[in-house]
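As structure tokens, the structure follows; a few thoughts come after it.
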Amino acid sequence: MIRLCDRLKQLRQEKHLRQDQLAALVGVTKSTISTWESDLRQPSYESLLRIADIYHVTTDYLLGRSDDRLLDLSGLTAVEAALVSELVASMTAKNQKMEEYR
């Protein structure tokens, strides 16, 4: 089973983000990101949800409970699925803007 600290670092590197950039997106300090990636501390529930949204993965993926990165929308109504899609599009646009500042 893959550890949370390894998934966090892997995803950050895949997105070409520095720890300080991820910290700004999550709303924590760079040192907090470092402690998570070093397995010294664990993210709060709220932070874990923010990270999942930033990377467009499930919390199960982050926690190593699943290797599936994508969200399963099959149990949602059309309206709920549309809201999730809107959220993903909004977060993608936000992340693209953050990359422009690098």
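The values are calculated or read from the model by the stated rules, or taken from the named source; none is laboratory data. Being a predicted model, the structure only gives us computed values, none of them experimental. Cβ atoms come from the backbone with ideal geometry, glycine included; neighbour counts cover every protein chain shown. Just the protein is used for accessible areas: all its heavy atoms, side chains included, with ligands, DNA and RNA removed. Shrake-Rupley method; radii C 1.70, N 1.55, O 1.52, S 1.80 Å.
Does the chain classify as rounded, prolate or oblate by the C-alpha gyration tensor (a ≥ b ≥ c root eigenvalues; a/c under 1.5 gives rounded; else a/b over b/c gives prolate, otherwise oblate)? Oblate, because a/c is 1.5 or more while a/b does not exceed b/c.
FRET efficiency for the pair Thr58 and Lys30, taken as 1/(1 + (r/R0)^6) with r the Cβ-Cβ distance and R0 = 25 Å, rounds to 0.50.
For the chain, what is the accessible area per residue in Å², given a 1.4 Å probe and the full set of protein chains?
Values: 6640 Å² over 102 residues.
Per residue, the chain has an accessible area of 65 Å².
Can you order the peptides 47-57, 77-87, 5-15 by their average number of other Cβ atoms within 10 Å per residue, highest first?
Numbers: 47-57: 18.6, 77-87: 11.0, 5-15: 16.0.
The most tightly packed comes first, giving 47-57, 5-15, 77-87.
In the chain, helices alone account for a calculated mean residue ellipticity at 222 nm of -19000 deg cm²/dmol, with every DSSP H run of four or more residues adding -39,500 (n - 2.57).
Within the accessible area of segment 4-61, the carbon and sulfur atoms contribute 47%, probe 1.4 Å, all protein chains present.
The mean sequence distance of close C-alpha pairs (under 8 Å, at least 6 residues apart), as a share of the length of the chain, puts its relative contact order at 25 percent. Oblate is the label for segment 49-102, because the ratio a/c of its alpha-carbon gyration tensor axes (a ≥ b ≥ c) is 1.5 or higher and a/b is not greater than b/c.
Extending 7 Å from Cα along the Cβ direction at Ala78 and again at Lys94 yields two label points whose distance is 2.8 nm.
Listed by chain and number, the lysines whose alpha-carbon sits under 20 Å from that of Lys94, ignoring those within fewer than 8 places in the same chain, are Lys15, Lys30.
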